[in-house]
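Peer 1: Dumping the structure here so I can ask a few things about it.
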Amino acid sequence: MKRLYLDIYNAANANAIDLLSAGKNLYRAKKYSQAYVLGFSALEEISKGQLAADVFTGLVSEEKFKNSYRSHTQKIERVEWAHYDASSYPHNLKWIGPDTDDFEQIDPTNPLFSKRQNALFVDVDFKTAKISKPKDVIREKDAKGILHIVDVALERIWEVTGEFGGNQIGTKGFMK
């Protein structure tokens, strides 16, 4: 059964890479709200993979995984480290182009699940009769920011698990 969690880790990271790639393509096409949704989803996959790795290494119980791997809130909370790292990490945004502005500090309480929902669906406030469209809620900066967080998270995972790291999967590799 332990092997299952290693397989989940690998599959979730591979899916996060695919989601990031598709998100970058949507960003280039100026489809910022859709790029944001894919970036958010990639972060959730990274979180799921890290949680599975923590089960594999014995840091977390299978019960904890089963109770939390479907919770959007818990998954985003588990990748808070990626937000902090992205705020201080050198920007490797060659895929955007040469005129990239520096990012502001990325708040680890964002992205909120409600923001992801607003990026995906039209909403309406019946009291004010105001319609909220994804393209009006999510701006270029939002999409750029979340894709940067995902880029940094995947790079950090590679650093701690790859040839420069301690060959340790899961959050143990991020703990000092």
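Peer 1: What residues from the range 1-19 fall in the zone where the backbone N is under 20 Å from a label point 7 Å along the Cα-to-C-beta line of Glu62?
Peer 2: What the label zone holds, given the 20 Å backbone N cut-off, is 1-12.
Peer 1: Determine which residues of the range 3-47 fall in the zone a paramagnetic label at Glu80 would reach in this model, i.e. backbone nitrogen under 17 Å from the point 7 Å along Cα→Cβ.
Peer 2: 44, 47
Peer 1: How do Phe65, Phe121, Phe40, Phe56 line up, fewest other C-beta atoms within 10 Å first?
Peer 2: Least crowded to most crowded, the residues run Phe121, Phe65, Phe56, Phe40.
Peer 1: Can you put Thr57, Thr128 in order, fewest other beta carbons within 10 Å first?
Peer 2: Thr128, Thr57
Peer 1: Which of Asp85, Asp54 comes first, and how do the rest follow, when ranked by fewest Cβ neighbours within 10 Å?
Peer 2: Asp85, Asp54
A short reminder: the numbers here are calculations on the coordinates, not readings from a lab. Please read these numbers as outputs of a predicted model, since none were measured by experiment. Cβ atoms come from the backbone with ideal geometry, glycine included; neighbour counts cover every protein chain shown.
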